[in-house]
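The values are calculated or read from the model by the stated rules, or taken from the named source; none is laboratory data. Remember, it's a predicted structure, so these values are computed and weren't measured experimentally. Every residue, glycine as well, gets a Cβ built from its backbone with ideal geometry; the counts of neighbours run over all protein chains shown. All accessible areas refer to the heavy atoms of the entire protein, side chains included, with ligands and DNA or RNA removed. Shrake-Rupley method; radii C 1.70, N 1.55, O 1.52, S 1.80 Å.
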Amino acid sequence: MSERIYAVFHGSTGRLIRAKNRAQALSHVAQSTFNIRVADQEDLVALLGQGTKVESVRDADQDELDFTDK
């Protein structure tokens with residue numbers, strides 16, 4: 001599969017990412033933007049106590065991400 005250049009925006013800030021697909025481009029940006037780990041007991045107590053809902057995700061390979069600026 002060939003690579004393409006994707007424009008990934010967060011608000012008005014954009015980055016140009018060379019990747020094989022949208023999910024790969026987004027993952028690359030997310031790794032430098034977010035801290036992700038498996039939730040431990042303290043994370044669950046704190047976040048659920050703040051009213052945070054648990055979200056479920058569908059397989060990224062099945063969904064096309066909409067990168068249009070809204």
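Here is a yes/no grid of residues against (1) open to solvent by less than 100 Å² (accessible area, probe 1.4 Å); (2) not polar (S, T, N, Q):
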{"position": "2", "(1), (2)": "yes, no"}
{"position": "9", "(1), (2)": "no, yes"}
{"position": "18", "(1), (2)": "no, yes"}
{"position": "22", "(1), (2)": "yes, yes"}
{"position": "26", "(1), (2)": "yes, yes"}
{"position": "29", "(1), (2)": "yes, yes"}
{"position": "35", "(1), (2)": "no, no"}
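Six or more apart or on different chains, Cβ atoms under 8 Å: show the pairs whose first residue is in region 1-24 and assigned to a helix (DSSP H, G or I) and whose second is open to solvent by less than 90 Å² (accessible area, probe 1.4 Å).
So the pair list comes out as 22/6; 22/65; 22/67; 23/60; 23/65.
Name the residues in region 37-59 that are open to solvent by less than 100 Å² (accessible area, probe 1.4 Å) and either within 16 Å of the chain's Cα centre (by Cα) or at pLDDT below 95 (or both), would you?
If the condition is that a residue be open to solvent by less than 100 Å² (accessible area, probe 1.4 Å) and either within 16 Å of the chain's Cα centre (by Cα) or at pLDDT below 95 (or both), then 59 is the only one that fits.
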